[in-house]
Amino acid sequence: MAGDIQAGADALVVDSKDHVATALRDLNEGETAAIRRGEELIEIKLLDAVAFGHKIAIAEIPNGTEVRKYGEVIGRSTVVIEAGRHVHVHNIEGIRGRGDQAVKEAQA
Amino acid sequence: MKTFKAYQRANGDIGIRNHLLIIPTVICSNQVCNRIVQMVPDAVAIPHQHGCSQIGADKDRTFEVLAGTGKNPNVGAVIIISLGCEVVDPIALAEEIRKTGKPVEVFDIQTVGGSVKAIQYGIELAKRMKADLDRQERVDVPLSKLKVGVKCGGSDATSGLASNPALGVAADRLIDDGGTIVIGETTEIIGAEHVLAERCVTPEIKERLYYIVDRFEKEVDRMGADMRGGNPSPGNIAGGLSTIEEKSLGCISKCGTSPIRGVIEYAEDIPETGLYFMDSPGNDIECVSGMAAGGAHIVCFTTGRGTPTGAAVIPVIKITGNGKMFAHMEDNMDVDVSQILSGTMSIEASGDAIWKEIQEVAEGKLTKAEILGHQEFSINRIGPSL
């Protein structure tokens, strides 16, 4: 799971399989964020403002992708998400605990 | 053998607090209990909404939580106050708690003759019992006797990155010394159960873990709702957590890396030594109350959003990886591990700081929740009111 964090990064990728980084401070739209990913520091221009603790797409995520953080699936994308976009409830949804979909399936 | 100072109980348990506990068997006795604790400093009452108009497993659960809280080794003596006509049997409750060897008194308001007489009688009883407790002293006991619950609530993204993995280090330290860790929150392993299942020591325990998660998820299906908004809560979402899976994957690191030796029921006695999973809701107070009823001495509670949560008979140590929140709500927070996120302290060193805090609280250091008088208590409900 989560490992130690090096100083000097704006955001952190927890696992090499992850699609997202977590912002370590409030980041502004248009700024270039230094993102720690294992040993490397990658730079991504932000297309949205991303608040502390929120997620950033580190590469383009196609619609319907199982999105990973901690190396595990945290949900599914509901639109195409470009690199540098804020990733949150507006563009990914949970797969589990979806009683709303169980109702739809029962009605279908 | 590592030792620390605690209260030795007649049945071999050790207590890290020496509470006089006043238990209402039913909501109707709450006010009498509350009045008594107002007059007896340091006595603790656990007012609740239950105890009558309940049947079957739901009634049994209320009994088990009340009995377990009375049997908790941090409780030195108990007064049970009944109304006199409720479904929770006060005599059976007293007998169950007396199995521990601790003094238990029981009376009912209808027999004593109303609230005023019950309050007066209760105060006199409580003052005598409290004086006996105050004469007891801490002695050296094995550190391996310590049972600690791990819980998270009011989570944000710092919980999964900092406070939960740091608490996991402390959990591993306690288990290395022969102690016991219990983790709960069945709701909050949804999407991460496969990671914990791999750590179960037998196929039966693994199967049970999958079963309790599936049972819970079916309940959500039955409600016909998306969990999101209820869990993750609006605050979790504001803090950057998008789905229950993301929250769960951030949650599970708080119990460390030990094998899971058993899955136990809500409020069931926590066995000695190693890591156990308690089938409980994610709701903070219901989960912590279930762990206390199972015999936990302390709960370590990580939070990113900030919460004042305490518990009636056990200290709750509040830990955060959110430095801004720590500065903002310092009166509620015990340990700040936010230096993990600035890259100035390792998870290992932060875990050691939590482990040190656990040992100090076990020897009597008061938590912020205790200082502020937070004594939250609630019983998980599994049936309708009749």
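Every number here is computed from the coordinates shown, using simple stated rules; none is lab data. Because the structure is a prediction, the values reported are computed rather than measured. As a convention, Cβ positions derive from the backbone with ideal geometry for all residues, glycine included, and neighbour counts pool all protein chains shown.
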Worksheet item: So, counting K/R as plus one and D/E as minus one, what does the shell of residues with Cβ under 14 Å around residue B:372 add up to?
Response: -3
Fill in: Size of region B:143-371 as Cα extents on the principal axes (Å, biggest first)
42, 39, 33
Worksheet item: For region B:340-357, in order, what is each residue's ³J(HN,Hα) by Karplus, 6.51 cos²θ - 1.76 cosθ + 1.60 with θ = phi - 60°, in whole Hz (x at glycine and Pro)?
Response: 4, 6, 8, x, 9, 8, 7, 4, 4, 5, 5, x, 5, 5, 5, 4, 5, 4
Fill in: Furthest towards positive pole of dipole, B:195, B:146, B:372, structure part chain B, Cβ charges
B:372
Practice prompt. Under a 10 Å cutoff between Cα atoms, tell me which one of B:353, B:67, B:225 has the largest fluctuation in the Gaussian network model of chain B.
Written response: B:225
Discussion item. Please give the charge dipole size of chain B, origin at the Cα centre, charges +1 on K and R Cβ atoms and -1 on D and E Cβ atoms. Round to the nearest 20 debye.
Written reply: 780
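Partner chain Cβ atoms within 10 Å, averaged over the residues of A:43-52 - can you pull that number for me?
What the average comes to for A:43-52 is 1.
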Worksheet item: Which values of log₁₀ I(q)/I(0), to two decimal places, follow from the Debye formula for the protein assembly as shown at q = 0.12 Å⁻¹ with a uniform point scatterer at every Cα?
Response: -1.04
Worksheet item: Looking only at other chains, what is the average number of their beta-carbon atoms within 10 angstrom of each beta-carbon in B:338-345?
Response: 4
Worksheet item: Given the convex hull over the Cα atoms of region B:19-134, what projected area results after averaging over all orientations, in nm²?
Response: 6.3
Practice prompt. Starting from the coordinates of the alpha-carbon atoms of region B:97-207, obtain the Kirkwood hydrodynamic radius over all distinct pairs and give the value in Å to one decimal.
Written response: 19.1
Worksheet item: At a Förster distance of 41 Å, what's the computed FRET efficiency of residue A:26 paired with residue B:372, Cβ-Cβ distance as r, to 0.05?
Response: 0.85
Fill in: DSSP-defined beta bridges in the protein assembly as shown - what % are antiparallel, rounded to 5
40
Discussion item. If I histogram all Cα-Cα distances within region A:51-108 using bins 10 Å wide from 0, what percent of pairs lands in each bin?
Written reply: 22, 48, 22, 8, 0
Worksheet, complete the sentence: Stokes-Einstein, Kirkwood over Cα pairs, region B:1-83, 20 °C, 1.002 mPa s; D in µm²/s equals 154
Item to complete: Could you run the Karplus curve 6.51 cos²θ - 1.76 cosθ + 1.60 with θ = phi - 60° over region B:92-108 and give me ³J(HN,Hα) per residue in whole Hz, x for Gly and Pro?
Response: 4, 5, 4, 5, 5, 5, 5, 4, 7, x, 7, x, 10, 10, 9, 8, 10
Discussion item. Given Cα positions, please report Rg to Rh for chain B, the hydrodynamic radius being the Kirkwood one.
Written reply: 0.97
Practice prompt. Between B:78, B:150, B:195, find the one with the highest GNM mean-square fluctuation for chain B; connect C-alpha pairs within less than 10 Å.
Written response: B:195
Response to the item:
Along principal axes, largest first, the alpha-carbon spread of region B:277-355 in whole Å comes out as 38, 25, 20
Worksheet item: Between rounded, prolate and oblate, where does region A:1-43 land on the alpha carbon gyration tensor, with a ≥ b ≥ c its root eigenvalues, rounded for a/c under 1.5, else prolate if a/b exceeds b/c?
Response: prolate
Worksheet item: All other residues with a Cβ under 12 Å from the Cβ of residue B:385 taken together, and with Lys, Arg as +1 and Asp, Glu as -1, what is their net charge?
Response: +1
Worksheet item: Where does the charge balance sit around residue B:272 when Lys and Arg score +1, Asp and Glu -1, over other residues with C-beta under 13 Å from its C-beta?
Response: 0
Worksheet item: Per residue, what volume in Å³ does the Cα convex hull of region B:201-278 take up?
Response: 116
Worksheet item: Please identify the GluC sites (Glu not before Pro) of region B:169-241 that satisfy two criteria: DSSP loop assignment and at most 14 other Cβ atoms within 10 Å. Which are they?
Response: B:198
Worksheet entry | Two-decimal Rg/Rh across chain A, once Rg and the Kirkwood Rh are taken from alpha-carbon atoms | 1.04
Worksheet entry | Shielding of B:347-353 by partner chains, average beta-carbon count, 10 Å | 1
Discussion item. Only Cα pairs within less than 10 Å get springs; with that Gaussian network setup on chain B, which residue of B:73, B:24, B:203 has the largest fluctuation?
Written reply: B:203
Worksheet item: Calculated FRET efficiency, residue B:34 and residue B:5, Cβ-Cβ r, R0 35 Å, to nearest 0.05?
Response: 0.65
Worksheet item: 222 nm [θ] for the protein assembly as shown, helices only, -39500 (n - 2.57) per DSSP H run of 4+, per residue, to 500?
Response: -9500 deg cm²/dmol
Worksheet item: Using 1/(1 + (r/R0)^6) with R0 = 51 angstrom and r between the beta carbons of residue B:269 and residue A:66, what's the FRET efficiency to the nearest 0.05?
Response: 0.80
